[in-house]
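The structure under discussion appears below in the form of structure tokens.
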Amino acid sequence: MAPRSFWKGYLKLSLVTCPVAMTPAVSEEDKVRFRTLNAKTGNPVVSRYVDGVTGKAVGEDDEVKGYPRGEDDYVILEDDEIEAVALESTRTIDIETFVPRETIEWIWCDAPHFLVPNDTVGEEAFSVIREAMASTGTVGISRLVLYRRERAVMLEPRGKGIVLWTLRYGDEVREEKEYFAGLNEAKPDAKALTLVKTLIKERTKPWNPKMADDPVQSRLLEIIAAKKKGRKRPAKAKTPPPTSGNVINIMDALRKSIKAEGKGK
């Protein structure tokens, strides 16, 4: 059974409009979560806003947004001033621009969402927009209010549906040139390259979602299950010994690695 949609609205392209529903493509519902407790009483600990100078609790009606312009000096913004700059509609994905998919770098893509038609009447309009993007190798760019903030979003055709990606803000993305510019551009040794390719071939397998499993989550669940039954917690997993920091000959290391791979098989 598909999860319930968390957003419903309309997909619009010029005069073509269809109702759509959206659901996050990833979920953290099954993650182990903890509550902070008072060790003496076992009661949950509640967080509260307090005045940074007086230490007194601040009521919800007294909370305002402030932008720092100097030490202990802030520009105060009222809620209606913040809301005035938001999109007029939070329920319409109006596609005004299309761009070639390959021109959007991976780093701009933030959170994926599944977008589907919300009724049978709108399926035709939805499928026409989807197939037109797929056949032209383009994606749609729009803006939408999600998670209480206005965001640029990218609509990418995927199978029978559309994946809507929220895009990162421009001030969040760092230029890779700043970090890669100083790296050595010399080509690696041909023999070493051949040996590494051999290692890669030996270790290449089809992708399996289990490769991304969270081992800490599994161990935490084991501990919780044991404590529920009144047993001792499972033994702590042994950590591998630290590797030596000595510099070794890369060719010798690669040859030994390949030899070890062969014995393992």
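For the criterion of being open to solvent by less than 100 Å² (accessible area, probe 1.4 Å) and out of contact with any Ser or Thr (no Cβ under 6 Å at 6 or more places or on another chain), VAL128 passes. Among the residues making up region 104-122, a single one is in a strand (DSSP E or B) and open to solvent by 90 Å² or more (accessible area, probe 1.4 Å): PHE114. Checked against the criterion of being in a loop (DSSP other than H, G, I, E, B) and at pLDDT below 95, region 123-146 has no qualifying residue.
How many residues are touching a Pro at 6+ places or on another chain (Cβ under 6 Å) and either among the small types (Gly, Ala, Ser) or open to solvent by 30 Å² or more (accessible area, probe 1.4 Å) (or both) if we restrict to region 144-199?
1
Looking only at residues in region 154-196 that are outside any helix (DSSP H, G or I) and of a type in the set (Lys, Arg), the one that is modelled with the lowest pLDDT is LYS187.
The values are calculated or read from the model by the stated rules, or taken from the named source; none is laboratory data. Values in this document were obtained by computation on a predicted structure and should not be read as measured data. Glycine also receives a Cβ, built like all others from the backbone with ideal geometry; neighbour counts cover every protein chain displayed. Remember, those area values only see protein heavy atoms, side chains included, never the ligands or the DNA or RNA. Shrake-Rupley method; radii C 1.70, N 1.55, O 1.52, S 1.80 Å.
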